[in-house]
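Contents: one structure, followed by commentary.
The values are calculated or read from the model by the stated rules, or taken from the named source; none is laboratory data. Only a predicted model underlies this, so the values are computations on that prediction, with no experimental measurement involved. All Cβ positions, even for glycine, are placed from backbone atoms using ideal geometry, and neighbour counts span all protein chains on display.
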Amino acid sequence: MKYIDEFQNPELAKRLLDDIHATVTRPWALMEVCGGQTHSIIRHGIDQLLPEEIELIHGPGCPVCVTPLELIDKALEIASRPGVIFCSFGDMLRVPGTGRDLFQVRSRGGDVRIVYSPLDALKIAQDNPDREVVFFGIGFETTAPPNAMTVHQARRLGIRNFSLLVSHVRVPPAVEAIMQSADCRVQAFLAAGHVCSVMGTEEYPELAERHQVPIVVTGFEPLDILEGVRRAVRQLERGEHRVENAYPRAVRAEGNKAARAMLEDIFEVTDRGWRGIGVIPASGWRLAPHYREFDAEYRFSVTGITTTEPAECRSGEVLQGLLKPHECEAFGTTCTPRNPLGATMVSSEGACAAYYLYRRLGGTPAPLEASPVV
Ligand code: SF4
């Protein structure tokens, strides 16, 4: 398949690996920001092929995983109301809220529907003018543009029974928070290529300079990741800390200008809670005041919900790279994909799900399931 097969070429992978082995002289800890990169690394065994001096720390870039419990509970509350059609991507239906999930709301009569695009939800709103249709808008800078476009379309078409429950997050403030943590061991970042394809790379040089940390924009196929690691290690060995673009087939420095303009019009930057981590200043988007009529939190008055994270789930430490999934006591025992305690075990981009799916079980005798993700 074009743009995939050539980036999985074993001979080229060996050449990159040889270069990395020849370059590294001492231990380095690199964080891959995105959960998609984590799954690719674990699936292809890339971490096991690298020199033992290189540790890959799994970052917080899984949109389902970082959606705060409070937002899940708001989604559950809205989806339970009569007259509401609640639409979401499939992963979110199994993410545990306080005591239940969206699947359980559906099994008790709630009209919860899986869609593949926010525009599907808008069409449902068009077809059901006597119902309130809510789309659960989660994710990073990658999923925010289509959600922004859908709100724009709703206003343009005069569709008033559509609203968005917004839980969008931004990568650069998360990188900042990770670097400011007293426990931080990260010495270089593999930035998420798809995020940069939207936002560009302009936010990163200042971060790289201030924290003296190399940031390499990296894709998702094995050769992409090896090239990102190769460039990051080369910088570390030379004592450099620059932003490099190792994903030029998708990323331009200025990003996607049309998408960025849409984001600036529809959303405004806000503080945002990250599940298991807490509030990170300026790390999210919410609908701008002139689009508030499409904001489900206001439309359904669910602004007062507060929650407490379950103590047994250590996903906050996993998301900050402080703990490997199989080091969690619940991994593979009380927490499995079929009975997840935390979102990192549910999501197709979650680190716990990746370790479970690809048998990175550590010493834990886990009962494996055939279908670990939705
Ligand atoms: S294994 Fe389960 S309980 Fe442990 S951190 Fe991951 S999701 Fe949470």
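All but one of (1) under 20 Å from the mean Cα position of the chain (by Cα); (2) in a loop (DSSP other than H, G, I, E, B); (3) within 10 Å of the ligand (Cβ to nearest atom) hold for Glu312, so report the exception by its number.
(1)
Quick check on the range 161-177. Is at least one of its residues aliphatic (A, V, I, L, M), free of Cβ contacts under 8 Å to residues at least 60 places away in the same chain and out of contact with any Ser or Thr (no Cβ under 8 Å at 6 or more places or on another chain)?
No, because not a single residue in the range 161-177 is aliphatic (A, V, I, L, M), free of Cβ contacts under 8 Å to residues at least 60 places away in the same chain and out of contact with any Ser or Thr (no Cβ under 8 Å at 6 or more places or on another chain).
Can you report the number of residues in the range 267-283 which are among the aromatic types (Phe, Trp, Tyr) and modelled with pLDDT of 95 or more?
Qualifying residue count for the region: 1.
Is it the case, given these coordinates, that Gly276 is more than 11 Å from the ligand (Cβ to nearest atom) and buried (at least 17 other Cβ atoms within 10 Å of the Cβ)?
no
Going by the conditions given, is Pro146 surrounded by fewer than 21 Cβ atoms within 10 Å (Cβ to Cβ) and within 21 Å of Glu264 (Cα to Cα)?
For Pro146, the condition - surrounded by fewer than 21 Cβ atoms within 10 Å (Cβ to Cβ) and within 21 Å of Glu264 (Cα to Cα) - is met.
So, in the range 322-344, how many residues would count as being surrounded by fewer than 20 Cβ atoms within 10 Å (Cβ to Cβ), closer than 19 Å to Asp183 by Cα and within 8 Å of the ligand (Cβ to nearest atom)?
So the answer is 1.
Looking at (1) more than 16 Å from the ligand (Cβ to nearest atom); (2) touching a helix residue (DSSP H, G or I) at 6+ places or on another chain (Cβ under 9 Å), which one does Ser301 not meet, given that it meets all the others?
(2) is the only condition that Ser301 fails.
Condition check ((1) under 26 Å from Gln37 (Cα atoms); (2) in contact (Cβ under 8 Å) with a residue 12 or more places away in the chain) across all residues:
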site: Val213; (1), (2): yes, yes
site: Val229; (1), (2): yes, yes
site: Gly239; (1), (2): yes, no
site: Gly255; (1), (2): yes, yes
site: Asp265; (1), (2): no, yes
site: Ala282; (1), (2): yes, yes
site: Glu317; (1), (2): yes, yes
site: Gly321; (1), (2): yes, yes
site: Lys324; (1), (2): yes, yes
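Residues in the range 175-223 that are of a type in the set (A, V, I, L, M, F, W, C), out of contact with any Phe, Trp or Tyr (no Cβ under 8 Å at 6 or more places or on another chain) and assigned to a loop (DSSP other than H, G, I, E, B): how many?
4
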